[in-house]
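The next block holds one structure in the form of structure tokens; read it before the comments.
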Amino acid sequence: VQLQASGGGSVQAGGSLRLSCVASGRTFSSYAMAWFRRAPGKEREFVAGVSWGDGRTLYSDSVKGRFTISRDNAKSTVYLQMNSLKPEDTAVYYCAVRRLSVVVVTTARDYDYWGQGTLVTVSS
């Protein structure tokens with residue numbers, strides 16, 4: 001499975017960005033996709049995830065109410081709409097796939113495939 005993330009960029013606080021992640025290659029009958037991020041000097045952290053089966057979503061407390069994750073089954077694409085961005089959202093954002101399970105979890109080690117990352121910079 002190859003994951004191609006895009007949509008990062010620079011924006012002022014309060015602005016919006018939409019990240020996209022296209023999955024290609026081997027497919028699975030059931031899986032979950034998620035976004036993680038790594039800010040400078042910090043550990044990688046879970047941002048949001050979606051079950052490819054029933055579309056259930058999970059968000060970290062830090063982005064709940066501001067970010068929305070969605071999927072387009074036909075395009076094998078997951079999106080992360082980010083609104084009301086804050087400087088603390090500055091990070092490299094990674095998409096990830098957890099194969100053979102529709103359950104979204106927050107631990108990075110449970111995901112099997114990773115995209116290359118896209119940089120989001122929010123200035124104050």
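The values are calculated or read from the model by the stated rules, or taken from the named source; none is laboratory data. Since the structure is predicted, the reported quantities are computational estimates derived from the model, not experimental observations. Note that we place each Cβ from the backbone using ideal geometry, even for glycine, and neighbour counts take in every protein chain shown.
In table form, for the structure just shown:
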{"quantity": "In region 79-124, residue surrounded by the fewest Cβ atoms within 10 Å (Cβ to Cβ) [restricted to those that are touching a Phe, Trp or Tyr at 6+ places or on another chain (Cβ under 8 Å) and within 17 Å of S16 (Cα to Cα)]", "calculated": "L119"}
{"quantity": "Scan of region 1-45 for residues that are buried (at least 22 other Cβ atoms within 10 Å of the Cβ) and either modelled with pLDDT of 95 or more or charged (D, E, K, R) (or both), ordered by number", "calculated": "A5, L19, C21, A34, W35, F36, R37"}
